[in-house]
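Have a look at the structure below, then the notes.
Every read-out reported here was derived from the displayed coordinates using simple, explicitly stated rules and does not represent laboratory data. Predicted model only: the values in this text are computed from it and were never measured. Using ideal geometry, Cβ is built from the backbone for each residue, glycine included, and neighbour counts are taken over all protein chains shown.
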Amino acid sequence: MGSEAIIVFLIAGIVLVAGANFLSNLISHKSDNPQKREPYESGMKTVGPTWVQFKVGYYLYAILFLVFDVEIAFLFPWAVVFKDVGFIALIEIVIFLFILGLGLAYAWKKGALKWD
């Protein structure tokens, strides 16, 4: 019973994704403008090299933002049902926040939050 359901869901997923891609290609507006092949579509010619390497600090800062954004996504539902789940859930969320605090302290110590 279990393996048949997995196969059905897998086939349904493949059919839905392929169907959505086919339908979007069928009804979408197609533009063959030469500017579409340029790095920027603003209509202005680029000055200098278009491939510029960014500092890794920007990416680390963005990853830290995503980590704490996901933390809020976990904290909000927990706060909504806090009265129903009891004291054990409070201990679990304190442990969760402690681990996130350790991650923030580590990133801070490594200098990932500095904008040099």
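Using +1 on the beta carbon of Lys and Arg, -1 on that of Asp and Glu, and nothing else charged, what's the dipole of the range 56-116 about the Cα centre, debye to 20? Numbers along the way, then the final one.
Numbers: 4 positive and 5 negative charges, 45 e Å.
Charge dipole, the range 56-116, about its Cα centre: 220 debye, nearest 20.
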* Bin by bin, in steps of 5 Å, what percent of the Cα pairs in the chain do you find, going until the bin that has the longest distance? -> 2, 8, 9, 9, 7, 8, 13, 15, 12, 9, 5, 2, 0
* To do: List the lysines whose Cα lies under 25 Å from the Cα of Lys45, skipping any in the same chain that are fewer than 8 positions away.
  => Lys30, Lys36, Lys55
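What 222 nm value per residue comes from the helices of the chain, counting each DSSP H run with n ≥ 4 as -39,500 (n - 2.57) and dividing by all residues, nearest 500 deg cm²/dmol?
Working: 4 runs with 79 residues, N = 116.
Taking each H run of at least 4 residues, the total per residue is -23500 deg cm²/dmol.
Determine, for Leu10, Leu26, the number of other Cβ atoms within 10 Å of each Cβ, and report the residues in order from fewest to most. If you can, show how the numbers build up before the last one.
Numbers: Leu10 10, Leu26 7.
By the 10 Å Cβ count, ascending: Leu26, Leu10.
Do any chymotrypsin sites (Phe, Trp or Tyr not before Pro) in the range 49-102 lie in a DSSP loop with no more than 15 other beta carbon atoms within 10 Å, and if so, which?
On the way: sites: Trp51, Phe54, Tyr58, Tyr59, Tyr61, Phe65, Phe68, Phe74, Trp78, Phe82, Phe87, Phe96, Phe98; in loops: Trp51, Phe54.
For chymotrypsin sites (Phe, Trp or Tyr not before Pro) across the range 49-102 that sit outside H, G, I, E and B with at most 15 neighbouring Cβ atoms in 10 Å, the list reads Trp51, Phe54.
Not counting the cut sites, what is the longest span of the chain without trypsin sites (Lys or Arg not before Pro) that DSSP labels loop and that have at most 12 other Cβ atoms within 10 Å? Walk me through the numbers before you get to the answer.
Numbers: sites that count: Lys30, Lys45, Lys55, Lys114.
Free of exposed loop sites, the longest segment is 56-113.
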